[in-house]
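S.K.: Submitted below is the structure of interest, expressed as structure tokens.
The values are calculated or read from the model by the stated rules, or taken from the named source; none is laboratory data. Computed from a prediction, not measured in an experiment: that's the story for all the values here. Positions of Cβ are backbone-derived with ideal geometry, glycine not excepted, and every protein chain shown enters the neighbour counts. Surface areas here come from the heavy atoms of the whole protein model, side chains and all, with no ligands, DNA or RNA. Shrake-Rupley method; radii C 1.70, N 1.55, O 1.52, S 1.80 Å.
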Amino acid sequence: MNFKKFLDKPFRLMSLIGSLYLIIMILMNIFTDFSYELSVMPFSRIVSYSAEGAALVLCIFSFFFYTHHSIYYIALETLAFSYLYTGRVYTALFLTAILFILLLIENRLASKVRLSVYLVLEVIKLALVIPYGVRSFFEYIGITLFSLATIGCINLLFRHAYEKKGSGTINLDDYKFSDRQIDCIKETVVNNTTIKALAITHNVSESAIKKDLAHIYSVLGITGKADLKALFIGYQF
């Protein structure tokens, strides 16, 4: 069996890594109070063991049934709820952000029913933070909103760029860009070169480079550097 081919499915790979992580966490729980040391809630030990055990089983199922992505989503939500219950608020935030990214990438929140279920689950998560005090509650709300807004905006930028890319193969020869503008595109995409560095390289002012980039964005129908990078992913300069 080709091992590389065996692991080339992203959800299969994520499930494998998730299973290894959960085995380590369960072992740490056995020998320490790692997963429930911050908890103020009753039965934290039972909740911690049960949630991590359930998530481990779900990850194993997800590994074998990797086309059913909902199994992996449920594993992440199970862990997020467990971590909130046992006081690991920031770990739960991290898992919530990962889940949101996956849902956006797969366009799972387009349905009103799925979006409603997602929002209900997030409200329940908020309720679980209340026992840990007003500060933790408002920190959770603030960081959640900031994370979701940031992730959502990044997704929109890249989706817009991919849609633009999907309309046809990008070829710089089809545009009347100057040599300097083409170099600006290449250096920005490949090396993430700054405007100041580009200005020094081409012996022009930074405002000239900014005008070049503005012209490039306008011609390509994009809004900024993130779009430009997404648009030229895999492009051979």
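S.K.: Quickly rank 191-202, 209-220 as a protection proxy: mean count of other C-beta atoms within 10 Å, highest first.
M.R.: 209-220, 191-202
S.K.: What label, among (1) 21.1; (2) 18.4; (3) 18.0, belongs to Kirkwood radius over Cα pairs in Å computed from the structure on display?
M.R.: After the calculation, the listed value that fits is (1).
S.K.: Among 98-107, 141-150, what's the highest-first ranking by average C-beta atoms within 10 angstrom per residue?
M.R.: 98-107, 141-150
S.K.: Nothing charged except the Cβ atoms of Lys and Arg (+1) and of Asp and Glu (-1): what's the magnitude of the dipole of the chain about its Cα centre? Round to the nearest 20 debye.
M.R.: Computed about the Cα centre, the dipole is about 280 debye.
S.K.: Modelling each spin label as a point 7 Å along the Cα-to-Cβ direction, I'd like the Val123/Tyr175 distance in nm, to one decimal.
M.R.: Between Val123 and Tyr175, the label points sit 4.6 nm apart.
S.K.: For the chain, what does the accessible surface come to per residue with a 1.4 Å probe? Please give it in Å².
M.R.: About 59 Å² of surface per residue is accessible.
S.K.: Can you run phi through the Karplus equation (6.51, -1.76, 1.60; θ = phi - 60°) for the range 101-109 and list ³J(HN,Hα) in whole Hz, with x for Gly and Pro?
M.R.: My calculation for the range 101-109 gives 4, 4, 5, 5, 4, 8, 6, 7, 9 Hz in order.
S.K.: Divide by every residue of the chain the summed helix terms, -39500 (n - 2.57) for each DSSP H run of at least 4, and state the resulting mean residue ellipticity at 222 nm, rounded to the nearest 500 deg cm²/dmol.
M.R.: The per-residue figure over the chain is -24500 deg cm²/dmol.
S.K.: May I pose another question? Do any of Lys9/Lys112; Lys176/Lys225; Lys112/Lys229; Lys196/Lys229; Lys9/Lys125; Lys186/Lys210 go past 25 Å between their Cα atoms, and which?
M.R.: Lys9/Lys112; Lys112/Lys229; Lys9/Lys125
S.K.: Any idea how far apart Leu148 and Arg114 come out in nm if each label point goes 7 Å out from Cα toward Cβ?
M.R.: Each label point is offset 7 Å from its Cα along the Cβ direction, giving 1.6 nm.
S.K.: Still on this structure, please answer the following. Given points 7 Å out from each Cα along the Cα-Cβ axis, report the Ile141 to Ala54 separation in nanometres with one decimal.
M.R.: 2.7 nm
S.K.: Next question. Using the beta-carbon distance between Ala197 and Thr32 and R0 = 45 Å, what value does 1/(1 + (r/R0)^6) give for FRET efficiency, to the nearest 0.05?
M.R.: 0.40
S.K.: Please go through the range 12-96 and write out the chymotrypsin sites (Phe, Trp or Tyr not before Pro) that DSSP classes as loop and that have at most 12 other C-beta atoms within 10 Å.
M.R.: Phe43
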